[in-house]
Amino acid sequence: MNKLKKELKSSFKGIRTGILEDNRLAVSAPKDAVLPILSFLKNKGYEHLSLISCVDWIEEKELELVYVITSYLQKNDEYADNERLHILLKTRISRENPEFKTLVPIFKNAEPYERELHELFGINFEGNKRLTPLLLERAYKIPPFRKDFNTREYVKEKFDKISFVEEKKNERA
Amino acid sequence: MIIKVISIIVLPLIALIIGFFFLGLSRKVIARIHRRYGPPISQPLIDVIKLINQESISHGKLFDMGVILSLAGSVILVLFIPFGGIAPLATSGDLLVIIYLMLLAPLGVALSGGEAANPNVSIGISRKMMLALGYEVPFLFSLLAVMTWYKTTSLVEVVKAQQSFLWAIFYLPLPAVAYFMILPAMLGIRPFDIVSAPQEIASGTAVEYGGRYLALTTIQHAFHIFIDIALFVNLFLGGGNLLTFFVKMLVVFLLGLFINAVFPRLRIDQAIKYCWKWPAILALVGLIIARII
Amino acid sequence: MKEKSKVNGKPSLLGPFKAIKYLFKKPVTLRYPFELKEPSLRCRGFHLNDWDKCTGCGNCADICPNEAVTMVEIPEIEAKPGEKNERPQIDYGRCCFCGLCVDICPPGSLRLSRDYFHIHFKTSTFNLLAKDEKIDKEHFLPADKYSVFKASLAHRKKDNEGFSSELKYSLFEPKRVSMPQVKPEERKLSFVEQVLGYSKEEAKQEASRCLECKLCEDACPAHLKISDYVRAIYEDKPDESLRKIFEDNPIPAICGRICMAHCEDACSLGKRGEPVAVRWLKRYASDMIEDYKKTLRLKPAKSIDKKVAVIGAGPGGLSVAYFLRLKGYTVTVFDSLPGGGGMMRIGPPPYRLPIESIDKDVSHIASLGVKFRFNTTVGKDILFEDIYKNYDAIHLGIGMTVSHSTRVKNSEKAYLALQFLQENKIGKKVKVGKEIIVIGGGNVAIDVAREALRLQHIQYPEEKVITKTVSLEDWDIMPATKEEIEDAKAEGIQFNPGWGPKEIKIEDSKVKGLLCIKVKSVFDEQRRFRPTFYEEKEMFLKGDMVIEAIGQGPNFSFIPKELFKKLEFTPRRKIKVTEFGQTSIPKVFAGGDIVNLNLDAITAIADAKRAAEGIDLYLKGN
Amino acid sequence: MRELELYFGPQHLGMVGNFSITLKVEGDQILEAHANPGWLHRGFEKLMEYRTWIQNFPLVCRINVIEPDSMEMVYAMAVEKLAKIEVPERANYIRAIVLELSRLASHLFGCWAYANMLGFDTVAQWAMYHRDLILDLFEQLTGARVYHIYICPGGVRRDLPEGFKEKALNTLHTIGGCIPDYDATFFNNRLFYERAKGIGKITREEAKELGVTGQILRATGINFDIRKVEPYAVYDKVDFEIPTREDGDAYSRVWIIRDEMIQSVHTIMQCLEKIPEGEVYKRVPNPFKWNIPKGETYVRVESSRGELGLYMVSNGKDKPYRVHFRTPSYPHGLLVLEKLLKNASIADVGNIMISLYVTAPEIDR
């Protein structure tokens, strides 16, 4: 773990690393360093992209992208360090103008995750050719997984206008 | 003459009853192999009665015509097949008529399916035609073998010849086996239920049928079961009187059911390959042997 | 089996026919509804609720993830402290049968049954007021009358309990954080404060137990916002907590030690476990804040040119002064004792309530601008008539200051409880005997006994000393709190419940002991105090000192005759007041022990708050 | 032949769950396939941000019908990691038993789905029967058959009931006794072999590239199982094997399912044997005041379909700030399925989909 940490620190500038509990390594990197770090890690054997997630830090007006990278490494491999790591690579992008570069050229399975984040958080992944609707049926003014999208209000606004069938019957009667 | 008229009316009814009995029985037997109790034997009949009373959606005249055509073809076909010695319309060349009439049912389905314009139906029809193409070859070979052996094109004659001496299956084991091997394909049961494969093409040809149409198709199916098995019994198992004929049919049907119960569905290309391979070769060899001897 | 797992079988055409064998075996399915499968013993089906146990606390409604539980008011049920007249109603259109409501239910009344059928065309029938067979005999049927064809919410099986509440797996913590205390062997040797108080962590942990059902707030006479201040402690904000307390109670340091804690009796957690230690948490909040004034920054409103006299600086008097002062009145408090607290100053022994704690509360009230005139006995140092003339309103919070005597033979040789306590706490220590008999079974009696024991240990170190109590009441009806009795027992005090005093034996004008007789009954049919005795059963207790602690009464002698005549009393010899504490003399308000049957500080505070409102209204001309 | 557009699902007999694939077909040949999820999107992750920690606990299991326990487990693990709760040893054993039972149930369900997809009702019904026996066990243990709501943060909700061990062993023996029947009728069926062999083939490199996990990865020969790599519950204390195959096709995947079932039976028996006495539930604080400390975590378990992960962020309030489930079917159902369906036959759509164990509710969440 420490070996990898050192190598990361020496190869990239401006990153902060921290060890979460057990065998988790958290790395915060500036925007530009993310893709180089990911390809660096892939070359070191961390070739399994588990998840791309996003957290909406509304108070700080930033979106945080989280890449979870793990490996298929066996115990005795060089960088496995007798423990298999999860690496949580985090970076922040602005909330108003959520643009980021796609990861598809490095990890093919980033595509559906980026599609999902595009849909639910409104992040535009430059270079991903298939940012088509995935889960949702219609377009929303605010991407629905952002913190300022209030589901209850939305439901009220959307469905309270529609009256119940029974009520109509009563009116006629 | 009166007897003939009566038998023309009664025989399809008997065929229908037997067909429905087999349908019900198949559900019961398969359920037991599934380790279930299964529905009562009358269940298919109840279903049909229920379906007849349901609202039905038509897709046009050809749609209706096709269903009726396939049913009518089957009813007429029944009259050509001797059942315990009764064959009201039997003529000297009835085996040839049977071969042609057997095509009517799929034709009718294709006709009405074409009107429905559902992609699943069209895939189903193409599968049905391909499958028919597959099993018709060994079917024809084995029929020819029987015809050559007994030197007649009359089914009644074939049956008579067998009753006087040994059954045809002992003279012509290879065509008999070939016929039995394609019997599931003709009946549309596993491993050859490719046409109706619900999990692949949503029951294929049947997908657009509802209410009365589905009831008519079910009735047609009941006739179809009767025809295919009765033909086998007549051709190879020597017919018989009403009771023995029914018992023979039951045995053949149960054997078919067991195959149905223990095999998964094949793909269409595999099915055709299969049909053209073993049954066709067996039937052809049988034909050649029959011809030589 | 393990070896096999690596082997790839050989595909075969004939092998599958093995399956045919099941044609001849008995099927495994059930022929529903003629064959039924019994649901398991933990089956999570429809709810059952024992209405006798249910307190209507509403925790089930709070925890429900689907908002399926609503609390419905039941008119037939009478609300009382510790029980609301509400019962849960479950909407089975929403319920997901998770059973969280069962696991959170503090009294364990809510359970799930093994019934799970309900078919009906009307959606309104999907709402069920959960009951069980004890209350609802109509819908719960014995096995022979039950038919699965009719099974529904209105046709259920008796004795069909499924997933039930177990304390071991409950979501709340039934055990209290134990309060650090001085050990009995140690504490009986001196007057150190017995209870040490929670540390920050302990207090937070204890506060975390509160479920915020607010049963306690209804039960508290002063309706303190208990769940709010407990939550504030949990969130580590003692100042916030104290601010909440001060809205209704200006003497938290006193109350946090000696309050009778009706809240804890009502606490829903107390039904099966131990109630939340609300009193200790209040004490923690007041102890954490060194200087109330600095933290709370309370300021009286704009001065109103009216003067109010408060007679008696007990909890009621202090509170009334505090509330009125905050409203802007000029308040003067008269008390015969040298400091504030009234009965609190002399009554509770120092190991329970140290003088410093009282002074902390009193000085805070004084710092707000309330004038105190201590060592001033009304009627002696200042005449009631003068007060009546000079002040715009008077509040009487004089309490019960005269100890009753048993009036048995030679009872003049016995000490009186209050006299004993007062001398010990704020005067010269009494010289005690080696074998003391305390008559009485109330909290005062136990205070006296425990104090006497301490004095014995101080005055006769290394000698054998005994303190015993005699009370009319047997264990089950003894008025003292359980906690006190346990503490006293632990310190070695002997109890003789169920005996009444008959005579104090005297030899050479020295007390030799107490002659007792067996009690037959304490109360008569109307639950009034009227003891009867078995005259023939006698017992002699040896002792060289007797202290009587059988109750107190008020002293109204300072009120002039013509005014006293105007005062109206209730049949139970309490002053009759309006809901705002106004007596039959318009200018005079009263509260506390002289008004209430509940003789405790928090009731006095509750009275004081109402009286302050009343005085305010009265002086503003309503 | 004419090019047709065929909608496979969301209402289709061959679809397990509400999932849809749009197929471009020519005859029986598929030219292009587009996975089209979203029919079951319930917004669980957003919903969870509106609910307190304890209220989320009955919710998470509903993400996946087939194997709800791994969902509960991953939620409980994440909460325990964030709140630093130690789970009693006995609870860990019970968790392993529950997880393996549910893996067994899930695999039997998979057998049902696979057999059903091939029209093989006999095996399908048997598998359903045996799954029901396991559900009976679950009912005894947890009080519910499908949504158990049992593995809670802090342990499990109730101890094993009386006679559970005997009943469980009985059930396992019943199922184990039927394995020869399954082998003869299903796994070693010649026609099944014909149908499954070489279908949906994926190579080792492709699998790695597409983020494949679970038995699909193991079918390509990579021995990767989170139970071994990052042991949770008591998987480091029991002895079990990870079955692998080399071919990477549907046939080997199904065989891995079969082998895993046998391993599960083993594991459960070991756990029942080794289980220590003691507490099963460490009480979490009062649910109305339960604030999880600030932090973030990613935990993962090996569900019956592959890596099931949960990324959770807490901001120290009474509700989670963000939860994101990494479900195994997500890459399988979208990328891998689309890739494998290309140039396949229509008859093999269900075949491939089920062999990938695609579970629609997981993709949509």
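Points worth noting:
- Exactly one residue out of C:Lys271, C:Lys188 is in contact (Cβ under 8 Å) with a residue 40 or more places away in the chain and within 21 Å of C:Thr55 (Cβ to Cβ): that is C:Lys271.
- Of all residues in the range C:550-607, those that are in a strand (DSSP E or B), under 23 Å from C:Met260 (Cα atoms) and of a type outside the set (Gly, Ala, Ser) total 3.
- Looking at B:Val251, B:Val233, just one residue is without any contact (Cβ under 8 Å) to a residue 24 or more places away in the chain and either within 21 Å of B:Leu101 (Cβ to Cβ) or acidic (Asp, Glu) (or both), and that residue is B:Val233.
- Against the numbered list (1) open to solvent by 30 Å² or more (accessible area, probe 1.4 Å); (2) of a type in the set (Gly, Ala, Ser); (3) assigned to a helix (DSSP H, G or I); (4) touching a residue at least 60 places away in the same chain (Cβ under 8 Å), B:Ser196 comes up short only at (3).
- Residue list for the range D:27-53, restricted to those being within 12 Å of chain B (Cβ to nearest Cβ) and in a loop (DSSP other than H, G, I, E, B): D:Gly27, D:Asp28
- The combined condition, being touching an Asp or Glu at 6+ places or on another chain (Cβ under 6 Å) and in the same structural domain as C:Ile446 (by TED's automatic domain parsing), is not fulfilled by C:Val519.
- When D:Lys208 is tested against the conditions (1) touching a residue at least 24 places away in the same chain (Cβ under 8 Å); (2) open to solvent by 20 Å² or more (accessible area, probe 1.4 Å), the lone failure is (1).
- Members of the range C:489-536 that are open to solvent by 40 Å² or more (accessible area, probe 1.4 Å) and aliphatic (A, V, I, L, M): C:Ala490, C:Ile506
- Residue within the range C:39-54 that is over 26 Å from the mean Cα position of the chain (by Cα), open to solvent by 50 Å² or more (accessible area, probe 1.4 Å) and within 14 Å of chain D (Cβ to nearest Cβ) present: yes
- Every condition in (1) away from chain C (no Cβ under 14 Å); (2) surrounded by fewer than 23 Cβ atoms within 10 Å (Cβ to Cβ); (3) at pLDDT below 85 holds for D:Glu273 except the one numbered (3).
- Condition check for D:Asp247: in a loop (DSSP other than H, G, I, E, B), over 19 Å from the mean Cα position of the chain (by Cα) and away from chain A (no Cβ under 11 Å): yes
- Of the criteria (1) buried (at least 22 other Cβ atoms within 10 Å of the Cβ); (2) modelled with pLDDT under 85; (3) within 20 Å of D:Leu23 (Cβ to Cβ); (4) more than 15 Å from the chain's Cα centre (by Cα), which one D:Ala360 fails: (4)
- Note on the range B:210-250: residues that are in contact with a strand residue (DSSP E or B) (Cβ under 7 Å, 6 or more places away or on another chain) and farther than 18 Å from B:Met147 by Cα total 1.
- Residue list for the range A:91-127, filter: open to solvent by 30 Å² or more (accessible area, probe 1.4 Å), in contact (Cβ under 8 Å) with a residue 60 or more places away in the chain and not hydrophobic (A, V, I, L, M, F, W, C): A:Arg92, A:Lys101
Residues are listed down the side, and each one gets a yes or a no for (1) touching a residue at least 40 places away in the same chain (Cβ under 8 Å); (2) open to solvent by less than 30 Å² (accessible area, probe 1.4 Å); (3) within 24 Å of C:Asp287 (Cβ to Cβ):
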{"position": "C:Gly317", "(1), (2), (3)": "yes, yes, yes"}
{"position": "C:Tyr329", "(1), (2), (3)": "yes, yes, no"}
{"position": "C:Phe334", "(1), (2), (3)": "yes, yes, no"}
{"position": "C:Gly339", "(1), (2), (3)": "yes, yes, yes"}
{"position": "C:Gly342", "(1), (2), (3)": "yes, yes, yes"}
{"position": "C:Gly347", "(1), (2), (3)": "yes, yes, yes"}
{"position": "C:Leu353", "(1), (2), (3)": "yes, yes, yes"}
{"position": "C:Asp359", "(1), (2), (3)": "no, no, yes"}
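- Spans of helices (runs of 4 or more DSSP H) in the range D:90-198 with at least 1 residues within 14 Å of chain B (Cβ to nearest Cβ) and touching a strand residue (DSSP E or B) at 6+ places or on another chain (Cβ under 6 Å): D:190-196
Okay, residues lined up against (1) small (Gly, Ala, Ser); (2) closer than 25 Å to D:Val238 by Cα:
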| site | (1), (2) |
| --- | --- |
| D:Pro58 | no, no |
| D:Met71 | no, yes |
| D:Ala78 | yes, yes |
| D:Lys81 | no, yes |
| D:Arg95 | no, yes |
| D:Trp112 | no, no |
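Let's see how each residue does on (1) within 15 Å of C:Ala445 (Cα to Cα); (2) of a type in the set (Val, Ile, Thr); (3) at pLDDT 80 or above:
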residue: C:Ile485; (1), (2), (3): yes, yes, yes
residue: C:Ala490; (1), (2), (3): no, no, yes
residue: C:Pro501; (1), (2), (3): yes, no, yes
residue: C:Lys505; (1), (2), (3): no, no, yes
residue: C:Ser509; (1), (2), (3): no, no, no
residue: C:Cys516; (1), (2), (3): no, no, yes
residue: C:Arg527; (1), (2), (3): no, no, no
residue: C:Thr532; (1), (2), (3): no, yes, yes
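- Sole exception among (1) open to solvent by less than 30 Å² (accessible area, probe 1.4 Å); (2) in contact with a Ser or Thr (Cβ under 9 Å, 6 or more places away or on another chain); (3) of a type in the set (Val, Ile, Thr) for C:Val444, by number: (1)
- Extreme residue, farthest from the other protein chains (Cβ to nearest Cβ), among residues of the range A:117-167 that are among the aliphatic types (A, V, I, L, M) and more than 19 Å from D:Gly43 (Cα to Cα): A:Ile162
- Tally of residues being assigned to a helix (DSSP H, G or I) and either among the aromatic types (Phe, Trp, Tyr) or open to solvent by less than 50 Å² (accessible area, probe 1.4 Å) (or both) across the range B:30-46: 5
- Residues of the range D:259-277 that are over 15 Å from D:Gly177 (Cα atoms) and without any contact (Cβ under 8 Å) to a residue 24 or more places away in the chain: D:Glu273 alone.
- Of residues in the range D:1-20 being open to solvent by less than 50 Å² (accessible area, probe 1.4 Å), in contact with a helix residue (DSSP H, G or I) (Cβ under 7 Å, 6 or more places away or on another chain) and not small (Gly, Ala, Ser), the one farthest from the other protein chains (Cβ to nearest Cβ): D:Phe19
- Listed by position, the strands (runs of 3 or more DSSP E) contained in the range C:55-166 that have at least 2 residues being free of Cβ contacts under 8 Å to residues at least 60 places away in the same chain, among the β-branched types (Val, Ile, Thr) and surrounded by fewer than 20 Cβ atoms within 10 Å (Cβ to Cβ) are C:69-73.
- From D:Lys81, D:Lys24, residue being away from chain B (no Cβ under 14 Å) and not β-branched (Val, Ile, Thr): D:Lys81
- Selection from the range C:167-187 of residues that are more than 23 Å from the chain's Cα centre (by Cα), within 13 Å of another protein chain (Cβ to nearest Cβ) and open to solvent by less than 20 Å² (accessible area, probe 1.4 Å): C:Tyr169, C:Ser170, C:Leu171
The values are calculated or read from the model by the stated rules, or taken from the named source; none is laboratory data. These figures come from a predicted structure and were not determined experimentally. Neighbour counts run over all protein chains shown; Cβ positions are idealised from the backbone, glycine included. For the accessible areas, the whole protein counts, side chains as well, though only heavy atoms, and no ligand, DNA or RNA atoms are used. Shrake-Rupley method; radii C 1.70, N 1.55, O 1.52, S 1.80 Å.
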